[in-house]
Amino acid sequence: MQAVVADKAYDTNAIVEGLTHQGVEVVIPPKTNRLDQRTYDKNLYADRNKIERFFNQLKINRRVATRYDKTATSFLAFVHLACALIWLR
């Protein structure tokens, strides 16, 4: 099953109902002022935070953030290198 993981800014009835109608699991925490508080998978939402922090660490490298490389192959090679360096920390 597919899932859409997003933050509270995307907690609208139109988005939630549209995704549910398509058969997608919605992992969006409800806003505090919502009358009907629905449940969501907190573990999957926590994994979203880990992935977002990883991409922020990756973008610290100016070469990745601004795409200095001219070819897609050399850009991907540097992304792999940067990921390996982050993993080794």
### Message
assigned to a helix (DSSP H, G or I) and surrounded by 12 or more Cβ atoms within 10 Å (Cβ to Cβ): is that true of VAL26 in this structure?
### Response
no
#### Entry: Any chance PHE54 is farther than 26 Å from ALA6 by Cα, surrounded by 10 or more Cβ atoms within 10 Å (Cβ to Cβ) and either modelled with pLDDT of 90 or more or touching a Lys or Arg at 6+ places or on another chain (Cβ under 6 Å) (or both)
no
### Task
Name the one entry in LYS70, LYS59 that is out of contact with any Asp or Glu (no Cβ under 7 Å at 6 or more places or on another chain), surrounded by 11 or more Cβ atoms within 10 Å (Cβ to Cβ) and more than 23 Å from GLN2 (Cβ to Cβ).
LYS59
#### Entry: ALA46 being of a type in the set (Gly, Ala, Ser), part of a helix (DSSP H, G or I), under 21 Å from the mean Cα position of the chain (by Cα) and within 30 Å of ASP11 (Cα to Cα)
yes
### Query
Taking the stated definitions as given, is ASP41 of a type in the set (Asp, Glu), surrounded by 10 or more Cβ atoms within 10 Å (Cβ to Cβ) and touching a strand residue (DSSP E or B) at 6+ places or on another chain (Cβ under 7 Å)?
yes
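The values are calculated or read from the model by the stated rules, or taken from the named source; none is laboratory data. Quantities reported herein were computed from a predicted structural model and do not represent experimental measurements. Every residue, glycine among them, receives a Cβ derived from its backbone with ideal geometry; neighbour counts consider all protein chains shown.
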